[in-house]
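Only one structure is covered here, and it is reproduced in the block below.
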Amino acid sequence: MFAERYADRVQFLNPSSIRKMMAIAKGLIAQGKTVYELNIGQPDIECIPEFCEAIDKKARTGQINYSPIIGEKYLRETYARYLNNFFDKDGKPHLVIDTDNVLITVGASHALTSCFLGICNPGDEVLVIEPYFSPYSGFLAVAGGKLKAIPTRAEDDFALPPAEEIEKLITPKTRAILFNSPNNPSGKIYSAEEVERLAKICIDHNLFIISDEVYREMTLGDKEAFSVLQVDFGNDEMNEKLKNAIIMIDSASKTFSLCGVRIGTLVARQPILEKLALVVAHTTACVSDIMQYGVAWAYDAILSRPDYLDNMRKVYHERLEATMQAIAEYLPGVVAPKPDGAFYLMLKFPEFEDITEFSHFMLEKFNLGNETVAVTPAASFYLTPGYGRNEIRIALVVDPEKMRRSIQIISEALKAFSQFKVNLVRPML
Ligand SMILES: Cc1ncc(COP(=O)(O)O)c(C=O)c1O
């Protein structure tokens with residue numbers, strides 16, 4: 001009735017399915033049910049202690065102020081040092097990052113939204129590798145843009161299609177290719193060759209390459225992520241074009257278990273950064289100075305004390321191993337590619353056409369000793385109609401025993417769901 005009171009863009013903004021499940025789960029927890037919330041990527045391990053000490057120290061100064069629109073210099077400097085060291089410590093050649101290449105944002109979410117607002121006009125398109133982190137579509141919709149899928153499939157180990165296939169998707173409206181490695185939700189780490197393929201397409205078609213690297217530190221085995229900053233065409237002209245195309249996104253959320261702190265970073269050449277900083281300034285005024293202070297200390301701490309991240313990787317690795325074992329034991333028919341990075345698993349249930357009803361049944365109508373599991377139905381991670389409908393995503397956010405228990409609960413819920421469906425179709429006597 002009051003539709004005309006709202007801007008057109010609002011009709012493209014829907015609550016995310018991840019958040020919908022979260023609201024239901026929280027309601028049930030408030031009623032006393034134990035819910036293993038595997039539906040959301042909220043790390044449960046303790047945040048890095050140096051962050052808390054720094055926040056305490058800064059708060060005691062009694063000075064919590066506005067910050068420069070581009071972010072605090074001490075954080076931008078420390079982040080540049082961290083990033084260069086990330087590659088240098090293993091002797092990996094890379095593009096050297098300077099303080100002037102770093103913009104501070106309100107988490108990676110705001111870095112992405114600012115980036116889309118800065119590079120897209122209404123009607124423009126961004127290509128994204130599917131499956132993808134579903135909130136991307138909302139971030140882009142705010143700028144009036146639309147995502148277009150570069151499809152990849154679990155059956156092919158989420159391998160990137162050949163360059164010709166990707167190029168067919170490019171139109172005069174295409175502004176960028178967006179990819180995320182290690183990937184949420186698939187856990188895929190794209191190879192050097194795959195990242196170079198994307199970079200080459202971007203420079204050939206004058207597109208930005210937006211590389212979401214928020215899970216850079218979260219590797220689950222021996223495979224390391226290959227950053228867009230490591231691409232080297234061995235040709236000065238092409239390398240120069242690439243430097244003008246790169247927008248790299250990062251965040252403190254997952255690296256330091258600091259999701260609530262809302263600090264992200266965007267790395268690009270200075271002219272790009274200056275434009276995007278204007279968007280940041282006009283959407284937020286500036287980013288919280290006390291949080292930037294805390295995060296600067298966190299990045300500084302891991303330069304001298306890498307054990308925090310080593311331990312984090314060990315914790316997630318143990319959870320993954322326990323979960324894979326439990327899947328083999330309790331869910332033998334389920335297709336579960338082992339992820340290389342991030343902290344999610346995609347589970348495909350071949351006997352289902354659509355897993356959404358089961359996911360809600362398990363959360364809302366089922367319990368095993370008053371315990372159940374919240375998962376995310378995976379269709380929202382795909383744009384291609386019909387894809388992902390029989391898949392769920394689970395996050396490795398509880399300890400190995402609870403991960404194991406969660407898989408057992410899913411297995412029992414599947415049996416109960418079959419019975420529930422039989423009872424539904426049984427004619428009334
Ligand atoms: C791939 C990916 N990008 C971006 C984000 C957003 O991160 P932030 O908390 O920094 O906004 C997430 C959060 O889960 C994510 O998984």
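The values are calculated or read from the model by the stated rules, or taken from the named source; none is laboratory data. What you are looking at is a predicted structure, and each value in this text was computed from that prediction instead of being measured. Note that we place each Cβ from the backbone using ideal geometry, even for glycine, and neighbour counts take in every protein chain shown.
Miscellaneous remarks
- When restricted to residues that are closer than 24 Å to Leu229 by Cβ, more than 16 Å from the ligand (Cβ to nearest atom) and in a helix (DSSP H, G or I), segment 29-81 contains 7.
- Filtered residue count, segment 244-255, keeping only those that are more than 11 Å from the ligand (Cβ to nearest atom) and either under 14 Å from the mean Cα position of the chain (by Cα) or more than 16 Å from Ile177 (Cβ to Cβ) (or both): 1
- Hits in segment 232-250 (condition: aliphatic (A, V, I, L, M) and in contact (Cβ under 8 Å) with a residue 60 or more places away in the chain): Ile246, Ile247, Ile249
- With a requirement of 3 or more residues that are closer than 22 Å to Thr384 by Cα and of a type in the set (Asp, Glu), the helices (runs of 4 or more DSSP H) lying completely within segment 89-173 that satisfy it span 163-167.
- Within segment 383-395, considering residues that are in contact (Cβ under 8 Å) with a residue 24 or more places away in the chain and more than 14 Å from the chain's Cα centre (by Cα), the one surrounded by the fewest Cβ atoms within 10 Å (Cβ to Cβ): Thr384
- Lone unmet requirement of (1) modelled with pLDDT under 95; (2) surrounded by 20 or more Cβ atoms within 10 Å (Cβ to Cβ); (3) under 20 Å from Phe86 (Cα atoms) for Ala379: (3)
- Given (1) free of Cβ contacts under 8 Å to residues at least 24 places away in the same chain; (2) among the small types (Gly, Ala, Ser); (3) more than 16 Å from the ligand (Cβ to nearest atom), index of the condition Ala268 fails: (1)
- Candidate set: segment 194-216, residues that are among the hydrophobic types (A, V, I, L, M, F, W, C) and over 16 Å from Val267 (Cβ atoms); chosen: the one nearest to the ligand (Cβ to nearest atom): Leu198
- Flag if Ala154 is closer than 23 Å to Asp232 by Cβ, in contact (Cβ under 8 Å) with a residue 24 or more places away in the chain and more than 16 Å from the ligand (Cβ to nearest atom): no
- Look at segment 332-359: where a residue is closer than 13 Å to Ser411 by Cβ and a partner is of a type in the set (S, T, N, Q) and away from the ligand (no atom under 16 Å from the Cβ), sitting 6+ places away or on another chain with Cβ atoms under 7 Å, you get Phe349/Asn390.
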